[in-house]
Each structure stands twice: as structure tokens, then as C-alpha cells.
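The values are calculated or read from the model by the stated rules, or taken from the named source; none is laboratory data. Quantities reported herein were computed from a predicted structural model and do not represent experimental measurements. Because the Cβ atoms are built from the backbone with ideal geometry, glycine has one as well, and the counts that use them run over all protein chains shown.
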Amino acid sequence: MKKITIIIFYLVANIAGVYSQEPVPGNAINARAQEKYRDIKLPDTDVHGKRVKGYVEDIPDEDYFHASEVAYESFNDFKFGIRIHWGIYSIQKMNHESWGFLTLPNEKKQEYQNLYKQFNPTAFNAEEWMSFFDKAGLKCFAFTTKHHEGFSMFDTKTRIKQRANYIAEGGPIIEKCDLAYSIMETPYAKDIVKELCDAAHRHNIKIDLYYSHPDWYDADFRPYNFHPLQTQRSKDSSSYYYGPDGDNFTKSYSNIITPEPNEEETQRMISRHRQQLTELLTNYGKIDMICLDQWMGPKVWPQMKATVKLLRKLQPDVMLRARGIGNYGDYYTPEGFVPGSKENTKMPWMVIHALGSSFSYDSVSSNYKGSTWIIGNLIDAVAKGGNFMVGIGPDATGKFHPTAVSQLLEAGQWLKINGEGIYSTRARNVWKEGDFIRFTTTKDNKIVYAFFTKWPGKKLVLESIQKPKMNSKMYLLGYKNPIKWEYRGEKLIITIPDDLQAVKNRPCTTAWAIKIQL
């Protein structure tokens, strides 16, 4: 009878899609998992890690598991991705996504909240986007399902029950409402996230769904994380809602003081937050990453932690961005810079960096930084053990700026020649020599790729390469003939062929790579 019961449990669990993916529970296994993941943690320098350090425990609970080794390996393989910030802020060409909402006067805030009624991106085509990503050599995309202002770009079934009326007589006031505040209530009325995920699955492009913890439209989320609706307690004691890091009341640019949220409102907030994340992990097939953003504070951390544990059960191998959840996260994102050296942690990381002046649509062609910038940062990040994700946004119709497209396609052409030294590689112990040479290596360490971003002339001298076997062949990627080398005085001396001294004969521009078989 006991054997039959166990078999039934296994069958039910597998049908539920949980047991086959989730690590088997048990104290011994939990202990091993904690031992294994003890160094999967944010570096002390991570800005968002500092935000939550005062209330999110350094060591996750024993019943919590990070994503599997397979998921971590897959994350570390893709190397190059694109980050798409898109929402109703594109109608007003608002720079820096929806952040500008905070500084709008009340009349303009009210106008902004009604922009969804005219959002109709008729030029959007998910298949065209994915074809473009393929040509650009991108292996992953991140998409904004909901930014801080609260508008959902997906078919959420959640309902918002109260919001701000910024122009009410005697106001602003909190008023009752009942709407999803989503793409389904716009003239477009189609689930953009579903269209993108379906197309990405067809193209085998990894999916990273961005989701903002705070929500500035839903009054139940007040006053957490720069919310325009503040309370006297958030003004007098910011740590009550925000934790020990700074005065977010001032940073909200708001002098709107509202009543403290009651228990019903707080629970409604947690439930809606949890339900939306559940929708993202159940309605769109396999999701590789959830890109959480910002944080909610110590008062609701126990409920937030329960949400994180639920997400792990829904899709055990989804990689969770660490923002707002500390070391419960699986990866983190240095923003707007490539770290100066290899990071002293085993938590995977991915640089996110805007190609234009911000992550959202930029109409000024000269603001886009160029394919040389993309390639240089990609090489630098990968050499240090990370990934590189470049950020752009479409306009209100769903079209990307032609300059952004052109620069990314140029990077894609470069990757067609040099991609084997980027994709699925790992950082080498010695990851650079000087300012212009970066290294990557295959996982078995049998091949080293030496990238150089300045043409070396007739000789390339490398000091950190061990002596190759006598008959080893070396190639400049994109050049069909092997190139000559010698090992003298503890240095590898590579002779660059004479015909490559003419710029027109080189396989590419910007950067080149020597494939060295050890």
C-alpha cells in the first residue's frame, strides 16, 4: 500500500509539472544545496544589494533553492542580449522610461494615466523583431512587461481597485476604480508579451521578462518605492517602508500625503503582485529569466519572500534577477558600466547598458553610441565572465530607430566572424594584457581566443599564454590560412600576414581574434 501511495504521489507531482523540475525536498538535500550555493551571492558593491541588505537575510532559507546548474550554465552561455523598454511613455517620447512621471505636475500626471486609451502600436511585429535579433547575433531579449508607472503590456487578469485622481477638487485624492490598466484596454487590445514569447520560442531566443515591484498607478502600492502617493509615516520615518537606505520620500518628488495603507490594502497589493508574476510564469511557456526591478522594503519582505518561493515552484529553472530579493536572486546586472575586473562571486552577472541616451526610445540619431561601442563592451564583459545586454526601445508605433538597427546589425556581422570566441566561452584566469587585449577560453580550456581592439601591426606578442604544442595551428578568425607563431623567452609571438596589413583585406573592423589551440 505504501509503495502504491508513493507511485501515485510521483504521478500527480509530474502531472503538476513540479516534481520533475523541482529538487527533491529533505533536510539532507537542503543542507547540501546550502553548502553548494553558499558563494552564490551579490558582491558588496552592488547598488541594489545595498538597498535590501538591512532586512533581506544573507543566507536564503533552507527550503529555498536557486535555479539549477543547467540554468546557470545556459545563462553563462548566451553572452549577448537586447533589452527592450517599451510602454505608454513612448507616446510622449519620455526619456528614461516612466521615471519622468514622478516629476510631472498633477495635471500632467492625470493626462499620463489616460495615455493608454490611445496606445495603438500598429507597426509592431513580433516576428520581425525576432528576425532582427537573429541577424544581430542576439541570443536573449528582455522585455518590459510592466514598468514602475504600472501599465501592463500583457493580458493580466488582475484588477486595480483604487488609484490617484490628481485633479479632483480638494485633491489629489484616492478614488475607487476597477480596471486591469493593461494593453488589453487599449485600441491595440492584443497581448504583446504573448506575441513576443511565441516568436522567441520559434527562434530559440531566450526570454527575460522584466517586472517592476512597485506600481505607481495602483494606490494599494503606496507609499513603497518612490510612489507618488506618500504617507506621514513614510515622510517621518522612511525606514518603516523603505528600509535603512536613504530618504525615498524626497526621491518620490511628491508632497501628496495620503492615509496609511490598511491591512486589506496591503494584502491586496501582495496578492496582485504575486498573481501577475504567476501569470508571467504560467501563460507564456518556458521563461528563462524574470528581471525583477527595484524593491519594496522590510514591512512586506516576508510576503515578498513567499512570492519568490512560489515562483521557484512554478518554473524551478527560471533565473531571477536579484533586485529586491538579495541573495535569493540568481543573477545581477551592473547598469551602465562594465565592471573594472572579474567579479569576486559565483553569482552570474549581465551588464545592461543603453545604446542611446536611455533604455527607452531615443529619437536623436547622434545619441546612439555605435557598433564599435557595442563590440568593445561585449568583448570586455565576456572576458571578465559576464554577459552584455544592450538597451533600446521602439517608438509609439513599435518601430526601432534606424540608427539603432543599423548599429546592432553591424555588431551581428562582426559576430558571424568572431562569435565562436564569444558564445559559450568562459573567463580565463588572466583575462587581459594591457588596454587592448582581452581573452576568452573554451570550457575545456583547450582553446584560447585573444581579442585585440587595436591593430598590432606585424607582430602580436602575448605574455600569458603557456607554450602551445609544437604543431599547433593558429588562426585569425575570418582568415582561412593558419598564421605563423613562435614561442621565445616565455612569450608567444604571432606574425600577422603581410596581406592583412591592408585594411581592406582584414575580415572585419573594430576588433579581431586569434584562435590559439593549446
Looking at the range 199-211, can you tell me whether even one residue there is of a type in the set (Ser, Thr, Tyr), not in a loop (DSSP other than H, G, I, E, B) and not assigned by TED's automatic domain parsing to the domain that holds ILE82? no
So which of THR278, THR307 ends up being modelled with pLDDT of 95 or more and more than 28 Å from LYS139 (Cα to Cα)? THR307
Taking the range 447-472 as the search range and keeping residues that are of a type in the set (Lys, Arg) and assigned to a loop (DSSP other than H, G, I, E, B), which one is nearest to the chain's Cα centre (by Cα)? LYS454
When restricted to ARG323, ARG272, the only residue charged (D, E, K, R), at pLDDT 95 or above and outside any loop (DSSP other than H, G, I, E, B) is ARG272
I need the strands (runs of 3 or more DSSP E) fully contained in the range 475-518, keeping only those with at least 1 residues that are acidic (Asp, Glu) and loosely packed, with under 11 Cβ neighbours inside 10 Å. 485-488
Assess whether ILE174 counts as being farther than 23 Å from GLY297 by Cα, touching a helix residue (DSSP H, G or I) at 6+ places or on another chain (Cβ under 6 Å) and either in a strand (DSSP E or B) or without any contact (Cβ under 8 Å) to a residue 60 or more places away in the chain (or both). no
Candidate set from the range 281-304 (those that are surrounded by fewer than 23 Cβ atoms within 10 Å (Cβ to Cβ) and on the phi > 0 side of the Ramachandran plot); member that is modelled with the highest pLDDT: GLY285
Of the numbered conditions (1) modelled with pLDDT of 95 or more; (2) within 21 Å of LEU196 (Cα to Cα), LYS117 fails exactly one; give the number of that condition. (2)
If only one of LYS458, LYS467 is farther than 19 Å from GLY478 by Cβ and not polar (S, T, N, Q), which one is it? LYS467
Tell me, please, whether a residue that is part of a loop (DSSP other than H, G, I, E, B), in contact with a Ser or Thr (Cβ under 8 Å, 6 or more places away or on another chain) and among the aromatic types (Phe, Trp, Tyr) can be found in the range 115-123. yes
If GLU57 passes every condition in (1) surrounded by 15 or more Cβ atoms within 10 Å (Cβ to Cβ); (2) charged (D, E, K, R); (3) modelled with pLDDT of 90 or more but one, which one does it miss? (1)
Those residues of the range 44-96 which are among the hydroxyl-bearing types (Ser, Thr, Tyr), within 28 Å of GLY243 (Cβ to Cβ) and assigned to a helix (DSSP H, G or I), in sequence order: TYR89
Does the range 188-196 contain any residue that is assigned to a loop (DSSP other than H, G, I, E, B) and in contact with a strand residue (DSSP E or B) (Cβ under 7 Å, 6 or more places away or on another chain)? no
I'd like to verify a number: residues in the range 142-162 that are among the polar types (S, T, N, Q), assigned to a loop (DSSP other than H, G, I, E, B) and more than 19 Å from ASP178 (Cα to Cα), how many? 0
